[in-house]
Structure formats: structure tokens, C-alpha cells
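Undergrad: Starting off with a structure, shown below.
The values are calculated or read from the model by the stated rules, or taken from the named source; none is laboratory data. Predicted, not measured: the structure shown is a model, and the values here were computed from it. A quick note on method: Cβ atoms are made from the backbone with ideal geometry, for glycine too, and the neighbour counts reach across all protein chains shown.
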């Protein structure tokens, strides 16, 4: 009955158009009523306590870093480097999108920020070069989703905090799957454009490539600083987020000088608006997470999937299918916050590595970002590029299929996640 109240109240609230954060709070109230401990003071205390979490401080800082990179010319220089390396290939701008998406994602940790930067900087170039607008926008949207798997993914941070899993281990485990995600998109792009008559960009000379790398070296150093600092224990993921912000400010304001002091208020206000929405959502979801534990819903879910306990592979496929379905209706953050406290008891009972599951879970959530009808990254890309939603949904299907193939491979061969993690943590 408790599970029915939890699911029914949440779906009913969403059905009448209630925002996700308020729907989660309403769901929490219904659970409190069901278990006979209705108390508004407890609700308020857990709402504030949910947001008062040190590791979650990384989220606003990484969001701020993403805004600074776009406004301060850092993202632009990353794209110039990618252009110098791949721009001369047939369909080269598409490969530039994939590579730039990986690098920018490894700096911002946000798929939405990645999509906005790639759309505004690369889409005009692709249209001017004669690329199909829909295919280009679809590739940009899919490439931006690698940011949710590669460190310092904001999604991995939220999963780690909610599920009590080491964020550093999640970061290290996400490196190779993120690269595989990007590689699958490059292969899919090669297949998609194989019959297109695309112009080939002139190849840059060695001197021009060297200049591009020299101009962008400050941006390229940042991912290595993050990984080295986390791997060596110099700073925590939260402290890493602060390091990224300070570094980006220095590079954008002092070295590149493309972000004047007069623009800083606009940058901070823009990041604060986005952060406020996400953090309220996180706080509301953690109220429901606490009540899920109190109401022992996790134990009830474990009992439901008990027949699959002896078949971990089948259980993993069942859980990923659940995430796919929910990902079509919910954005990434509420999906993580809603499912993590429900699934962690299942993982422990079935002896499934939570780090491995977390990375695969995030890969699935990243696909959800380009899955209609919610598809946050699709909406961002459409808003910046002007492509219609109906068109981009059709265009993104080959890239979504490529990502699903990688997801399937990681479920069947979890060593693709766990073995590289062991390398990076040595």
C-alpha cells in the first residue's frame, strides 16, 4: 500500500501539471500521512537539511564554471583546437562537435551548458559550410550528453551524494564509458553522412595547429588539473569545483581578457538562477528519499525483484529498462533523486557494485536528456539553433541508438567500467 501511495501521489501531482519539485514534496506529505507521522516541522527541517550538504556545493560551482567558460572565450578556444585537428576531414565539423563536447563536458559537468556552448559556437559554422541543419543539431544534442558521464559530471555528484557512493570513484569509473559514448557518436556520424556531398575544410598547417593549441592551452590544462587533484587527494570534488571556478575566472578575465569585470554580475546572476532551480529540486527530492527510508519502501522494492536476485545480468537489464521509461517523462536530476534511494537496497541485496551501476545509470540518464517529450538537452538545442522539435527528434535517433549500443555493452561487460576505474585509482 505504501508503494502505491508513493507512486500514485507522485504521478497524480505530475498529471495536473505540478512542477517536479512541488510534486516530490506533495508525494512526501502523502507518505507522511500514510505512515501516521504527518508533521510540517519535520518536512521543513528535512527540506533545509537536504540542501545543507557539503558535497552538493560542487553543483552550483560547476554550473558557474560552465557559464564563465561560455562567456569568457574558453569554450571558443577549445573548439578552435578541435577544428585544427579534425576540421579538414570529410564531415570534419561533426567530429569537431564530438571532440569539443567531450572537452567542454570535462570542464563544466553539465550537458545543458555543453549543448548551449556547442549550439551557439558551432551551429553557424556548420550551416555556413553546407551541413544539414537537422543532422547537425541532433549531433550537437547527443554530443552534449557525454558531459553527464565524464568527470566532473554533476549527475554523478548528485548520485554519489544521494546513494552514499564515493564521488571520486564514480568520476574515475566514468572516464572510459564517456569516451566510448563519444566514439559511438563519431561512428554514427560517419554512417549518417556517408551519402552527403559535404565540402572539405582546408587543412591547417602545423604552424596554425601549434598556434591554436598555444592559445587554448590554458583551457586544455583544466581537465588534467581536476583529475590529478582528485586522484592524488589534493582536493575533494567540492573543492575541485571551487578550483575550477577560480581558474576559469583567472583565465577569462586576466589571460584571455574576454570577460570584463562589468559582466561578472550577469554571469553570477545567470548561474545563480539555474542553481536555485536545481538545488530546490534536490532538497525536495531528499525529503522524499528520507521518507522512503522511514517507510521502508526500499525493502518492499527489494521483495518485488527478489526472483531476479540470482540473475544479476537480468536484474540490470530490468533496472535499465525502468530508467529508460522514467527518463522519457522526467528530467535527469529528478530521475536520479527519485530512483537512487529506491534502487540502492536492491543493488546491495543483489551484490551489484554501486559504482559500476552508478556510471551505467548515468549513461542511461544521459540518453534520457535527448528522449522526448522532456528531453532537456533537445529543448536547449532547439532553442539556440531554431530547429523544430519534431525534426530534431527524428535526427537524433541514429545517435541515440549508438549510445544504447554502448550502454548495452557496459551492462553485459561491466569490466568496461570497473577495470579502467582500477587503473585510474592505483
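Undergrad: Within the set of pairs 6 or more residues apart or between chains, which connect a residue that is surrounded by fewer than 22 Cβ atoms within 10 Å (Cβ to Cβ) inside region 377-394 to a residue that is outside any helix (DSSP H, G or I) with Cβ atoms less than 6 Å apart?
TA: What qualifies is 393/372.
Undergrad: Only one of (1) outside any helix (DSSP H, G or I); (2) modelled with pLDDT of 85 or more; (3) closer than 20 Å to residue 376 by Cα fails for residue 138. Which number is that?
TA: Of (1) outside any helix (DSSP H, G or I); (2) modelled with pLDDT of 85 or more; (3) closer than 20 Å to residue 376 by Cα, only one is false for residue 138: (1).
Undergrad: Out of region 221-246, which residues are in contact (Cβ under 8 Å) with a residue 60 or more places away in the chain, assigned to a helix (DSSP H, G or I) and buried (at least 16 other Cβ atoms within 10 Å of the Cβ)?
TA: 222, 223, 226, 227, 230, 237, 238, 240, 241, 242, 244, 245
Undergrad: Right, next: Restricting to region 313-323, and then to whatever is farther than 16 Å from residue 409 by Cβ and in contact (Cβ under 8 Å) with a residue 24 or more places away in the chain, can you tell me which residue is surrounded by the fewest Cβ atoms within 10 Å (Cβ to Cβ)?
TA: For region 313-323, the residue satisfying everything is 315.
Undergrad: Give all pairs with beta carbons closer than 7 Å in which a residue from region 82-100 that is assigned by TED's automatic domain parsing to the domain that holds residue 220 meets a residue that is surrounded by 20 or more Cβ atoms within 10 Å (Cβ to Cβ) and assigned to a loop (DSSP other than H, G, I, E, B); count only pairs at least 6 apart in sequence or on separate chains.
TA: 93/87; 93/131; 96/87
Undergrad: Continuing with this model, one more query. Does residue 300 qualify as being modelled with pLDDT under 85, over 30 Å from residue 389 (Cβ atoms) and outside any loop (DSSP other than H, G, I, E, B)?
TA: yes
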